[in-house]
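The values are calculated or read from the model by the stated rules, or taken from the named source; none is laboratory data. Only a predicted model underlies this, so the values are computations on that prediction, with no experimental measurement involved. Note that we place each Cβ from the backbone using ideal geometry, even for glycine, and neighbour counts take in every protein chain shown.
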Amino acid sequence: TQLFSKSDCLKGKRALVTAGGTQEPLDPVRYLGNRSSGRMGYAVAQALQEAGAETILVSAPTDLPTPHGVSRVSVQTALEMYDAVLANFPNMDVIVKAAAVADYRPASQSEQKIKKDGTNRMIELVPNPDILAELGRRKTSQVLIGFAAETENLLANAQEKMHRKNVNLLVANDVTKPGAGFGSPTNIVSFLFPDGRRIDFPKMSKLEVARNLVGEIANLLGDCNK
Ligand code: CTP
Ligand code: CA
């Protein structure tokens, strides 16, 4: 009989993680962005790699170093992230969508720097595709993990997203709590499952959250009998 060490749990599995906040250009020097630091997604990529998975990190711009042993694909916009994720999706066993994807992008992008003229301005926005929802529609045997950062009605909103996007596990966090969410080294999360199960975690480092998540991913894949 073979004893699996925890660090080998996901050996032979292929994982893709998205991280960071997409940037949607307005002109050559400006973009619409969000406060995501990328830390949660980078921690998940590190934890998956440590558990033995071959890991691709599709990352919007961040200040973070690529975790050791992880292959990084750099993107800027939601549409670029969509293309990179969809191209890799059929070969993956696990997908974790930790990125903060812009829901909208400017309807047009100025080729030249927009000049001020002292008047009011409107920016027309058009919807970006929902990458996770698309993966939920195409899913065959993949384990699909979503995130939901909320500022109100955390569990109700998160539950609705879990079902709408057809994910196997949704990580919910209330970004208004001190020590949770954007930019923080720590997070306070709940894991929600489609069968109604829920696990509430106390405040812990994003790497600890990531390691707990990888443990649940191993359970969902049916590997690593504990
Ligand atoms: N997501 C995605 N593509 C988008 C928007 C969101 O893949 N265009 C993913 C995120 O990576 C995250 C999950 O969907 O895993 C939830 O993102 P969130 O912004 O919380 O949900 P939305 O469906 O965009 O709803 P809203 O922003 O209106 O709350
Ligand atoms: Ca959104």
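Suppose the filter is away from ligand 2 (no atom under 16 Å from the Cβ), charged (D, E, K, R), free of Cβ contacts under 8 Å to residues at least 12 places away in the same chain and not in a loop (DSSP other than H, G, I, E, B); does D117 pass it?
no
Name the single residue that is nearest to the chain's Cα centre (by Cα) among those in the stretch 138-158 being within 12 Å of ligand 1 (Cβ to nearest atom) and part of a helix (DSSP H, G or I).
So, considering only residues that are within 12 Å of ligand 1 (Cβ to nearest atom) and part of a helix (DSSP H, G or I), the one nearest to the chain's Cα centre (by Cα) is A158.
Check A43, A102, A47 and return the single one that is in contact with a helix residue (DSSP H, G or I) (Cβ under 7 Å, 6 or more places away or on another chain), among the hydrophobic types (A, V, I, L, M, F, W, C) and part of a loop (DSSP other than H, G, I, E, B).
The match here is A102.
Tell me which residues, restricted to the stretch 89-99, are more than 15 Å from the chain's Cα centre (by Cα) and either within 16 Å of ligand 2 (Cβ to nearest atom) or assigned to a helix (DSSP H, G or I) (or both).
P90, N91
If we scan the stretch 45-56, do we find a residue that is at pLDDT 95 or above, out of contact with any Cys (no Cβ under 7 Å at 6 or more places or on another chain) and more than 18 Å from V96 (Cβ to Cβ)?
So far as the stretch 45-56 goes, no, none of its residues is at pLDDT 95 or above, out of contact with any Cys (no Cβ under 7 Å at 6 or more places or on another chain) and more than 18 Å from V96 (Cβ to Cβ).
Only one of these conditions is not met by M122: (1) assigned to a loop (DSSP other than H, G, I, E, B); (2) among the aliphatic types (A, V, I, L, M); (3) within 16 Å of ligand 1 (Cβ to nearest atom). Which number is it?
(3)
Just give me the residues in the stretch 79-99 being among the hydrophobic types (A, V, I, L, M, F, W, C), buried (at least 18 other Cβ atoms within 10 Å of the Cβ) and closer than 16 Å to G21 by Cα, in sequence order.
M81, A84, V85, V96, A98, A99
Looking at the stretch 120-127, can you tell me whether even one residue there is more than 14 Å from V171 (Cα to Cα), surrounded by 14 or more Cβ atoms within 10 Å (Cβ to Cβ) and more than 14 Å from the chain's Cα centre (by Cα)?
Within the stretch 120-127 (the criterion being more than 14 Å from V171 (Cα to Cα), surrounded by 14 or more Cβ atoms within 10 Å (Cβ to Cβ) and more than 14 Å from the chain's Cα centre (by Cα)), the answer is yes, since at least one residue qualifies.
Tally up the residues in the stretch 65-82 that are assigned to a strand (DSSP E or B) and either within 16 Å of ligand 1 (Cβ to nearest atom) or of a type in the set (D, E) (or both), please.
Within the stretch 65-82, residues that are assigned to a strand (DSSP E or B) and either within 16 Å of ligand 1 (Cβ to nearest atom) or of a type in the set (D, E) (or both) number 1.
How many residues, within the stretch 184-203, are assigned to a strand (DSSP E or B) and surrounded by fewer than 16 Cβ atoms within 10 Å (Cβ to Cβ)?
Of the residues in that region, 3 qualify.
Inside the stretch 27-49, can you point out the residues that are charged (D, E, K, R) and over 18 Å from the mean Cα position of the chain (by Cα)?
Of everything in the stretch 27-49, those that are charged (D, E, K, R) and over 18 Å from the mean Cα position of the chain (by Cα) turn out to be D27, R30.
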